[in-house]
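Below you'll find the structure, written out as structure tokens, and then a few comments.
The values are calculated or read from the model by the stated rules, or taken from the named source; none is laboratory data. For clarity, every value in this text was computed on a predicted model and none was experimentally measured. Quick reminder, even Gly has a Cβ in these numbers, built from the backbone with ideal geometry, and neighbours come from all protein chains shown. All accessible areas refer to the heavy atoms of the entire protein, side chains included, with ligands and DNA or RNA removed. Shrake-Rupley method; radii C 1.70, N 1.55, O 1.52, S 1.80 Å.
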Amino acid sequence: MKDYKEVAQSWLDGDFDAETKAQILELKENDPAGFEDAFYRNLEFGTGGLRGIMGVGTNRMNKYTVGMATQGLANYLKANVPGEKSVCVSFDSRNNSQAFAKITADVLSANGIHVYLYTELHPVPLLSYAVRSKKATAGVMLTASHNPKEYNGYKVFWSDGAQVISPVDKDIVAEVAKITEPSQVLFSAPDGKEGGIEMMGSEMDGLYMKDIMTLMLSPEARAKHNNFKIVYTPLHGTGVRVVPNCLGFMGFKNIIHVPAQDIPDGNFPTTISPNPEEHAALEMALAVADKEGADLVMATDPDADRIGIAVRDNEGKMVLFNGNQTAAMLTYYILTRRQELGTLDSSKYVVKTIVTTELIAQIAAKFGIKCYNVLTGFKFIGDIVRKNEGTGEFLCGGEESYGFNIGEFVRDKDAPITCCMIAECAAWAADQGMSLYQLLEKIYKEFGYRKEGLTSLVRKGKTGAEEIQQIMADMRATPPTELAGSKVVKVIDYNKPEETGLPKSNVLQFFSEVGDVVTVRPSGTEPKIKFYFGAAGADADAKIAQLKAQFVN
């Protein structure tokens, strides 16, 4: 393996642009640690694609590493997909996302693959929608979701509009790994035989909104409460046009903006972190809601696939729902309305991830429909939808990390569709004389109160990785016999696919007699191990604290 200094020198000696070489020399002279980190390895293209800090070097997101990843993808497509091939490409508001999208499009076209490229920033769900509408072979989204501003990323989607899964993901990874030098990348077609780049404007948006309308369930409530005050913020991201347009198309007339956050900006100047899971990200929107007397706040992350909301409690104070609460509320609403409309039968189903609230499974059982449990990651929800095409209808599905989707038009987390359904749910609840907060209270009263929590232990470096492995080994050897004083009655080891029926995954899950659950899962992308806690009963809040003390010390 080459020393990082040798690798850096090969860039200085190679066919790289002058700006890149100047930045390498600047790093070398003024930031030795940063210089080493930029070149000591290649930025890894994993099953979720690329994600990393932007800058020069083999371990950074830049035009050369993006080009190399795209060449690997192109090689996979050429070797494995017969006939004409096409790829849809979109990008978010992050710094360099549009430039990286253009490079992606150029390399694909240079390899004889036709490209559909959005002319302006569009959310992840609109990429998924375009892949399906255009019957494309694949899709690429340039985004790093809610990561800090220094990051960017590259996600690959397959022909069904979902993120790639095994074996395709691993085979693409293998092809990308073969591209070790930018000289192996076709940045332009050597023989003039380009695949061509076809630009997509807002035409997809109109088709998408019409399809969303077919998923809505309460037109009378929407019409009656169309002046319902909704504060929306895109957090400087791609939802800026799409979400207000969709809400307007649904008939909602009082969408209140947070002007400073309507500006797409990869530096996210008004937020500490553009993550709708965090209270700090919603602070400006909450202030606007109090000023305007709004009862609902919705915030989407930069690539508009996840959503956080806030509603008024019984004392009039704005409180945030977590991802579990929003997913459970929407599942209840959709199944309730479907039943009332006579469009609910045993062919319909919902999906949740194994770390998402068990309340969703309880709600599905009450309505007599199947609830699939899948591994963490929305791509596994998309896989269930693909497998059930023609035999069942996907109604909705979600995960605790604030991702949700409704219907089969998009095969990933979809914040615009979710925003529309939340707004309609609020109108429907108002028609029943309830707020969204009171609707959630009603659900708890019917199914029992549940509370969820998440704690992560960060363990960096080689010794940290070994410690995480040891934690998992110890739990497998000596699993807990009780959870918060209740006997453990079931243990699921997802390392045993023959028992779970799911792909092998290094996850353990413990269930107690009274319905509490703990899931232990090492992160696949960060040096941490995650503990997901779920507690049932009136004392659930206290039990979450007990479980955290039991597992994380």
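Being modelled with pLDDT under 90, farther than 23 Å from S401 by Cα, open to solvent by less than 70 Å² (accessible area, probe 1.4 Å) and among the hydrophobic types (A, V, I, L, M, F, W, C): is that true of A429 here?
So A429 does not fit the description; no.
Can you name the condition, by its number, that K462 falls short on among (1) part of a helix (DSSP H, G or I); (2) within 27 Å of the chain's Cα centre (by Cα); (3) of a type outside the set (A, V, I, L, M)?
(2)
So which residues in the stretch 515-540 are of a type in the set (D, E), within 27 Å of the chain's Cα centre (by Cα) and open to solvent by 60 Å² or more (accessible area, probe 1.4 Å)?
E526
Is it the case that some residue within the stretch 205-224 is modelled with pLDDT of 95 or more, of a type outside the set (S, T, N, Q) and in contact with a His (Cβ under 9 Å, 6 or more places away or on another chain)?
yes
Looking at the structure I just gave you, is D191 open to solvent by 40 Å² or more (accessible area, probe 1.4 Å) and outside any helix (DSSP H, G or I)? Explain how you work it out, then say what you get.
Numbers: open to solvent by 40 Å² or more (accessible area, probe 1.4 Å): yes; outside any helix (DSSP H, G or I): yes.
The answer is yes for D191.
Looking at (1) acidic (D, E); (2) modelled with pLDDT of 95 or more; (3) more than 30 Å from P167 (Cβ to Cβ), which one does D493 not meet, given that it meets all the others?
(3)
Please name all residue pairs, on different chains or six or more residues apart, with Cβ atoms under 8 Å, provided the first residue is in the stretch 273-294 and is within 19 Å of D305 (Cα to Cα) and the second residue is open to solvent by 60 Å² or more (accessible area, probe 1.4 Å) and not β-branched (V, I, T).
Partner pairs satisfying both residue conditions: S273/P148.
Might you check whether a residue that is surrounded by fewer than 19 Cβ atoms within 10 Å (Cβ to Cβ), in contact with an Asp or Glu (Cβ under 6 Å, 6 or more places away or on another chain) and at pLDDT 95 or above occurs anywhere in the stretch 454-475?
Checking the stretch 454-475: not a single residue is surrounded by fewer than 19 Cβ atoms within 10 Å (Cβ to Cβ), in contact with an Asp or Glu (Cβ under 6 Å, 6 or more places away or on another chain) and at pLDDT 95 or above.
What are the residues in the stretch 233-262 that are within 19 Å of N152 (Cβ to Cβ), not small (G, A, S) and not in a helix (DSSP H, G or I), if any?
P234, L235, H236, T238, listed by residue number.
Could you pull out the residue among A423, A364 that is crowded, with 18+ Cβ neighbours inside 10 Å and within 27 Å of D541 (Cβ to Cβ)?
Among A423, A364, only A364 is crowded, with 18+ Cβ neighbours inside 10 Å and within 27 Å of D541 (Cβ to Cβ).
Among the residues of the stretch 480-491, how many are in contact (Cβ under 8 Å) with a residue 24 or more places away in the chain and open to solvent by 50 Å² or more (accessible area, probe 1.4 Å)? Reasoning before the result, please.
Taking the stretch 480-491 and keeping what is in contact (Cβ under 8 Å) with a residue 24 or more places away in the chain, we get 480, 482-489.
Okay, now just the ones that are also open to solvent by 50 Å² or more (accessible area, probe 1.4 Å), so 482, 485, 487, 489.
Counting residues in the stretch 480-491 that are in contact (Cβ under 8 Å) with a residue 24 or more places away in the chain and open to solvent by 50 Å² or more (accessible area, probe 1.4 Å) gives 4.
Which of the residues belonging to the stretch 403-417 are hydrophobic (A, V, I, L, M, F, W, C), part of a strand (DSSP E or B) and touching a Lys or Arg at 6+ places or on another chain (Cβ under 9 Å)?
F404
Search the stretch 194-206 for residues being surrounded by 14 or more Cβ atoms within 10 Å (Cβ to Cβ) and of a type in the set (A, V, I, L, M, F, W, C), and hand back the single one that is farthest from E408 (Cα to Cα).
Step by step, filter the stretch 194-206, then rank; the result is I197.
If S97 satisfies all but one of (1) surrounded by fewer than 24 Cβ atoms within 10 Å (Cβ to Cβ); (2) within 21 Å of the chain's Cα centre (by Cα); (3) not β-branched (V, I, T), what's the number of the condition it fails?
The failed condition is (1).
State which residue pairs qualify: first residue touching a residue at least 24 places away in the same chain (Cβ under 8 Å) and inside the stretch 450-469, second residue part of a loop (DSSP other than H, G, I, E, B) and among the hydroxyl-bearing types (S, T, Y) in any location, beta carbons under 8 Å apart, and separation of 6 or more residues or different chains.
Pairs that qualify, where the first residue is touching a residue at least 24 places away in the same chain (Cβ under 8 Å) and the partner is part of a loop (DSSP other than H, G, I, E, B) and among the hydroxyl-bearing types (S, T, Y), are R450/T357; E452/T357; S456/S523.
Where in the stretch 273-391 are there helices (runs of 4 or more DSSP H), lying fully within it, with 2 or more residues that are closer than 30 Å to S97 by Cβ? Reasoning before the result, please.
On the way: elements: 283-292, 323-341, 359-366, 378-387.
Correct list: 283-292, 323-341, 378-387.
With respect to G407, is the statement that it is without any contact (Cβ under 8 Å) to a residue 60 or more places away in the chain, of a type in the set (G, A, S), more than 22 Å from V240 (Cβ to Cβ) and surrounded by fewer than 23 Cβ atoms within 10 Å (Cβ to Cβ) true?
The answer is no for G407.
Taking only pairs six or more apart or across chains, which ones have beta-carbon atoms under 6 Å, a first residue in the stretch 492-508 that is without any contact (Cβ under 8 Å) to a residue 60 or more places away in the chain and in a helix (DSSP H, G or I), and a second residue that is among the aromatic types (F, W, Y) and open to solvent by less than 70 Å² (accessible area, probe 1.4 Å)?
From the stretch 492-508, the pairs are T500/Y494.
Could you count how many residues in the stretch 138-160 are within 20 Å of L117 (Cβ to Cβ) and either small (G, A, S) or outside any loop (DSSP other than H, G, I, E, B) (or both)?
So the count comes out to 14.
Given K85, K78, which one is touching a strand residue (DSSP E or B) at 6+ places or on another chain (Cβ under 8 Å), under 19 Å from V185 (Cα atoms) and open to solvent by 10 Å² or more (accessible area, probe 1.4 Å)?
K85
List pairs: first in the stretch 425-440 and assigned to a helix (DSSP H, G or I), second open to solvent by less than 60 Å² (accessible area, probe 1.4 Å) and hydroxyl-bearing (S, T, Y), Cβ under 6 Å, 6+ apart or cross-chain?
C425/Y333; W428/S218
Being crowded, with 23+ Cβ neighbours inside 10 Å, of a type in the set (F, W, Y) and under 17 Å from T500 (Cα atoms) is the filter here, so list the residues in the stretch 367-404 that pass it.
F380 - this is the single residue of the stretch 367-404 that is crowded, with 23+ Cβ neighbours inside 10 Å, of a type in the set (F, W, Y) and under 17 Å from T500 (Cα atoms).
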